[in-house]
Amino acid sequence: MCNLYSQTKSQDAMRHVFDDMLEDGEGFIDETGNLPALPGIWPDYSAPVIRSGAEGWRLSMARWGMPTPPKYLEGKRVDKGVTNIRNVASPHWRRWLGVEHRCLVPFTSFSELDQRRDAARNSPVWFALDEDRPLGFFAGLRTEWTSVRKLKEGEVTAELFGFLTCPANAEVAPVHPKAMPVILTRPEDWRTWLTAPPEIALTLQRPLPDGMLKIVAEGVREDGG
């Protein structure tokens, strides 16, 4: 499962790559302030997401890790969150499949721990759409939730997100055969994910076509591109 990714493009780049999805009268609101490059985004880090809002599309910050199913929290004092979501048929996840809870998660690369024979233990392998690390988007879910994420914080109400996974494609499978993030690269798919009924939007929970990813770095904990 993907528990580390990067987003190193500027806010302006995110806004302009999104221009192709905007229709007449739609706006794009940036609520992130001065957003730095994020070469290593780990679980529970804050990162940008794009979602719909009353005044148009919104770029805002959220913490990576959706609420954990209650059965996995028995006897625990904190909920560290679930970063990757596969079984959307589960009642726990179905409540967040409506358009108000869907988001796009911008990324420039993501890593999987290397499971190839003779690979160094827990060595990250970074994948991107090409060597220049153009923007892509994970198909995400988000919600506002009150919980204890860290004992030192106590109970907090925070905007949370996670993203869907699917079977691995040809590039990811040798490194991590179990799964890969759901990646959307076309404006029409971005709009479908953010606006379509669940039964249509969830047809996008599928591997990126073979040949569309490249290994761009190995053995490092950050990918600055």
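The values are calculated or read from the model by the stated rules, or taken from the named source; none is laboratory data. Quick caveat, the model's predicted, so the values are computed rather than measured. No Cβ is skipped: glycine too gets one built from the backbone with ideal geometry, and neighbour counts run over all protein chains shown.
Take the residues of region 86-114 that are closer than 15 Å to ALA196 by Cα and in contact with a Ser or Thr (Cβ under 9 Å, 6 or more places away or on another chain): which is surrounded by the fewest Cβ atoms within 10 Å (Cβ to Cβ)?
This residue is GLU100.
Across region 180-225, what is the number of residues that are out of contact with any Gly (no Cβ under 6 Å at 6 or more places or on another chain), β-branched (Val, Ile, Thr) and part of a loop (DSSP other than H, G, I, E, B)?
2
Tell me whether region 156-171 contains one or more residues that are more than 29 Å from ASP223 (Cα to Cα), modelled with pLDDT of 95 or more and not small (Gly, Ala, Ser). Give the steps one after another, and end with the answer.
In the first step, residues of region 156-171 are kept if they are more than 29 Å from ASP223 (Cα to Cα); the result is 156-157.
Add one more test, that the residue is modelled with pLDDT of 95 or more, and what stays is 156-157.
Still in the list and also not small (Gly, Ala, Ser): 156-157.
Yes, region 156-171 has at least one match.
Looking at GLU31, is it modelled with pLDDT under 90 and on the phi < 0 side of the Ramachandran plot? Before the answer, list the steps.
Numbers: modelled with pLDDT under 90: yes; on the phi < 0 side of the Ramachandran plot: yes.
In short, yes.
Report every pair of residues separated by at least 6 positions or lying on different chains whose Cβ atoms are under 7 Å apart, first residue within region 108-127 and without any contact (Cβ under 8 Å) to a residue 24 or more places away in the chain, second part of a loop (DSSP other than H, G, I, E, B).
Within 7 Å, no pair qualifies.
Hey, could you check region 150-179 for residues that are outside any loop (DSSP other than H, G, I, E, B) and without any contact (Cβ under 8 Å) to a residue 40 or more places away in the chain and say which is nearest to the chain's Cα centre (by Cα)? Lay out the reasoning, then the answer.
Looking only at region 150-179, we keep the residues that are outside any loop (DSSP other than H, G, I, E, B), and these are 155-166.
Retained after the next criterion (residues that are without any contact (Cβ under 8 Å) to a residue 40 or more places away in the chain): 155-157.
On the way: GLU155: 24, VAL156: 22, THR157: 20 Å.
Selected residue: THR157.
Any residue that is of a type in the set (A, V, I, L, M, F, W, C), assigned to a strand (DSSP E or B) and modelled with pLDDT of 95 or more - is there at least one of those in region 81-93?
Filtering region 81-93 for residues of a type in the set (A, V, I, L, M, F, W, C) gives 82, 85, 88-89, 93.
If we keep only those that are assigned to a strand (DSSP E or B) too, we end up with 82, 85.
Still in the running and modelled with pLDDT of 95 or more: 82, 85.
There is at least one residue in region 81-93 that is of a type in the set (A, V, I, L, M, F, W, C), assigned to a strand (DSSP E or B) and modelled with pLDDT of 95 or more.
Step by step: first the residues of region 3-27, then only those that are modelled with pLDDT under 85 and either within 15 Å of the chain's Cα centre (by Cα) or of a type in the set (Lys, Arg) (or both), then the one that is nearest to ARG133 (Cα to Cα). Which residue is that?
Of everything passing the filter in region 3-27, MET14 is nearest to ARG133 (Cα to Cα).
Condition first: over 15 Å from THR143 (Cβ atoms), under 18 Å from the mean Cα position of the chain (by Cα) and surrounded by fewer than 20 Cβ atoms within 10 Å (Cβ to Cβ). Now tell me which residues in region 47-83 satisfy that.
Residue satisfying the conditions is LYS80 alone.
Tally time: how many residues in region 10-57 are more than 14 Å from TRP190 (Cα to Cα) and among the aliphatic types (A, V, I, L, M)?
Final tally of qualifying residues: 8.
Hey, among the residues in region 30-46 that are surrounded by fewer than 12 Cβ atoms within 10 Å (Cβ to Cβ) and in contact with a strand residue (DSSP E or B) (Cβ under 9 Å, 6 or more places away or on another chain), which one's farthest from PHE138 (Cα to Cα)? Steps first, answer last, please.
Applying the first criterion (surrounded by fewer than 12 Cβ atoms within 10 Å (Cβ to Cβ)) to region 30-46 yields 31, 33-34, 36.
Checking which are in contact with a strand residue (DSSP E or B) (Cβ under 9 Å, 6 or more places away or on another chain) leaves us with 31, 33.
Numbers: GLU31: 20, GLY33: 22 Å.
Among them, the one singled out is GLY33.
Do any strands (runs of 3 or more DSSP E) lying entirely in region 1-68 carry at least 1 residues that are closer than 21 Å to THR146 by Cβ and in contact (Cβ under 8 Å) with a residue 12 or more places away in the chain, and which ones are they? Outline the logic, then answer.
Working: elements: 5-7, 28-30, 38-41, 46-53, 56-64.
Hits in region 1-68: 46-53, 56-64.
Does ARG186 meet the test of being basic (Lys, Arg), within 21 Å of LYS9 (Cα to Cα) and under 17 Å from the mean Cα position of the chain (by Cα)? Spell out the reasoning first.
On the way: basic (Lys, Arg): yes; within 21 Å of LYS9 (Cα to Cα): yes; under 17 Å from the mean Cα position of the chain (by Cα): yes.
For ARG186, the condition - basic (Lys, Arg), within 21 Å of LYS9 (Cα to Cα) and under 17 Å from the mean Cα position of the chain (by Cα) - is met.
Out of region 100-140, which residues are touching a His at 6+ places or on another chain (Cβ under 7 Å) and in a loop (DSSP other than H, G, I, E, B)?
The answer is GLN115, and nothing else.
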